[in-house]
Each structure stands twice: as C-alpha cells, then as structure tokens.
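Here, each number is a calculation from the coordinates, and none is a lab measurement. This is a predicted model, so every value here is computed, not measured. Neighbour counts run over all protein chains shown; Cβ positions are idealised from the backbone, glycine included.
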C-alpha cells in the first residue's frame, strides 16, 4: 500500500502530466512533496517530456529542470562525501 506522500505525488504527477500547460502552483506542490530519488527522477523526466512536446518550451519549465538537476548533483556529491567519511571512520 502506498504512503500518503506517494499517493499525493502520484495524483499531482498524473494531473500535471496530462495538462498541456501545468500551473506553477501544481509544479511547486510536486517539488514540495518530492521525497525519494525515484520521485525526483520521475518528476524531471516528466518535465523533460513537457519540454520535448513544444518547439518553444517555457522558460519556467527549463529553469525547473535545471534547478532539479543542480539539486540532484549536489545531493549526489553530499552522498559521496558521506560515504567517504564512513570509510575513513571504519579505517580508524
């Protein structure tokens, strides 16, 4: 059974993915509900699909993708640093 957070994410993603011009309020809400790396990937993939559907994609969608990719890269770096710190602690 899906968690309430997952259900909310799924409902919002379905709504936004079927809307040709999704509102920034719904996109903001999805970003506030992101919890797992899989959800982030799903959200970014959906945004890229929206961008791909248009010859002239909105700057807002392009900015959102760039921001999410930047956040994902920062999170990956933090995770690598944490793993490196754990290895140093184990060696001591």
**Prompt:** Just for segment 6-48: of the residues that are outside any helix (DSSP H, G or I) and under 10 Å from the mean Cα position of the chain (by Cα), which one is nearest to residue 66 (Cα to Cα)?
**Reply:** 34
**Request:** Test residue 57 against the criterion of being in contact (Cβ under 8 Å) with a residue 12 or more places away in the chain, more than 21 Å from residue 79 (Cα to Cα) and not in a helix (DSSP H, G or I), and give yes or no.
**Result:** no
**Asked** How do the pairs read when you match residues in segment 18-45 that are free of Cβ contacts under 8 Å to residues at least 40 places away in the same chain with residues anywhere that are part of a loop (DSSP other than H, G, I, E, B) and surrounded by 11 or more Cβ atoms within 10 Å (Cβ to Cβ), using Cβ under 6 Å and keeping only pairs 6 or more apart or on different chains?
**Response** 40/34
